[in-house]
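Worksheet: the structure to be examined is printed underneath.
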Amino acid sequence: MIRPLYDQVVVRLLEAEQTTLSGIVLAPTAQANELGEVVAVGNGYLQDGMMHPLTVEVGDTVMFKRLGQQIKIDGETLYVFREQEFIGILPSDDVEYEDEADDESDEA
């Protein structure tokens, strides 16, 4: 896996399913914000001669508006961001993925 430099973060795009209040399932392209899983982080950013660690960690689910720089590693498409490009970090229990939604509907 790649080790990003400074404040750069490598993210795998997640296909989170979102549903409107009326029950319409939105395609990932129709969503206002994208979600991704952090797979690698740099060691921080330099400010006033001191290195400051990043807030995000490997495994975090992050929200962002635009896709970062696209790269391919071992055939997998990943995206590189600067930490400041993220809107926020989502707690893992707030994100429902398509696989989990399918499993729940199968059990009912």
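Rule-based calculations on the coordinates, nothing more; no lab input. Bear in mind the structure is a predicted one, so any value in this text is a computation, not a measurement. Virtual Cβ from ideal backbone geometry, glycine too; neighbours counted across all protein chains shown.
Could you please let me know if Thr55 is surrounded by fewer than 18 Cβ atoms within 10 Å (Cβ to Cβ) and touching a residue at least 12 places away in the same chain (Cβ under 8 Å)? Judged against the criteria, Thr55 is a match. For region 58-80, the set of residues classified as within 13 Å of Gln8 (Cβ to Cβ), surrounded by fewer than 18 Cβ atoms within 10 Å (Cβ to Cβ) and in contact (Cβ under 8 Å) with a residue 40 or more places away in the chain consists of Ile71 only.
Taking residues in region 33-52 that are in contact (Cβ under 8 Å) with a residue 60 or more places away in the chain, and partners anywhere that are surrounded by 15 or more Cβ atoms within 10 Å (Cβ to Cβ) and in a loop (DSSP other than H, G, I, E, B), the pairs with Cβ atoms closer than 8 Å and at least 6 places apart or on different chains are Leu35/Val95.
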